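Undergrad: Pasting in a structure now, in structure tokens, and then I'll have a few things to ask.
Since every read-out is calculated from the coordinates, none of them should be taken as a lab result. Just so it is clear, the structure is predicted and the values come from calculations on it, not from any experiment. Ideal geometry is used to build each Cβ from the backbone, glycine not excepted, and the neighbour counts take in all protein chains shown.
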Amino acid sequence: MGVEDRLPYWAIFDESMWSLSDYRRCMHLEESEHEIEEGSELNAWKIYVKDDVLIVFELDVSEETDDPLAVYLASFQRASMKNLLSEMGKANNLPAFRTNLSAQ
């Protein structure tokens, strides 16, 4: 998706993925409160905004599954990104992710 080049703070989950529902539960995302309608016929993305962090789930449209291909987090607010990742880090089995927070 290229968030690494476009936004100041980002994190990417793209290995040993959880299910979409597991990520939503860990991030305390409510569809009615945080979801943004994607708008395409493919429904290849689930998009949320929570506490100044854009959260994008890339979905496999060829399968009927709730497993995302990747999860992208991006923000202009360093503290917001750190807080969300810290909250997620409380989970015992959080999948590995890449981020640029330590480089900033």
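Undergrad: Find the residue count for segment 54-95, including only residues that are under 20 Å from H34 (Cα atoms) and among the hydroxyl-bearing types (S, T, Y). Spell out the reasoning first.
TA: Kept after step one, since they are under 20 Å from H34 (Cα atoms), are these residues of segment 54-95: 54-59, 66-68, 70-88.
Those left that are additionally among the hydroxyl-bearing types (S, T, Y): 72, 75, 80, 86.
Residues in segment 54-95 being under 20 Å from H34 (Cα atoms) and among the hydroxyl-bearing types (S, T, Y): 4 in total.
Undergrad: Okay, moving on. Working carefully through the options S75, S102, S62, find the one that is crowded, with 16+ Cβ neighbours inside 10 Å and out of contact with any Leu (no Cβ under 6 Å at 6 or more places or on another chain).
TA: Step by step, each of S75, S102, S62 is checked, and only S75 is crowded, with 16+ Cβ neighbours inside 10 Å and out of contact with any Leu (no Cβ under 6 Å at 6 or more places or on another chain).
Undergrad: Could you list, in sequence order, all residues of segment 72-94 that are charged (D, E, K, R) and within 24 Å of S19 (Cβ to Cβ)?
TA: Result: E87, K90.
Undergrad: Another question, if that's okay. Output the number of residues of segment 25-72 satisfying the condition of being aromatic (F, W, Y) and without any contact (Cβ under 8 Å) to a residue 12 or more places away in the chain.
TA: Counting residues in segment 25-72 that are aromatic (F, W, Y) and without any contact (Cβ under 8 Å) to a residue 12 or more places away in the chain gives 0.
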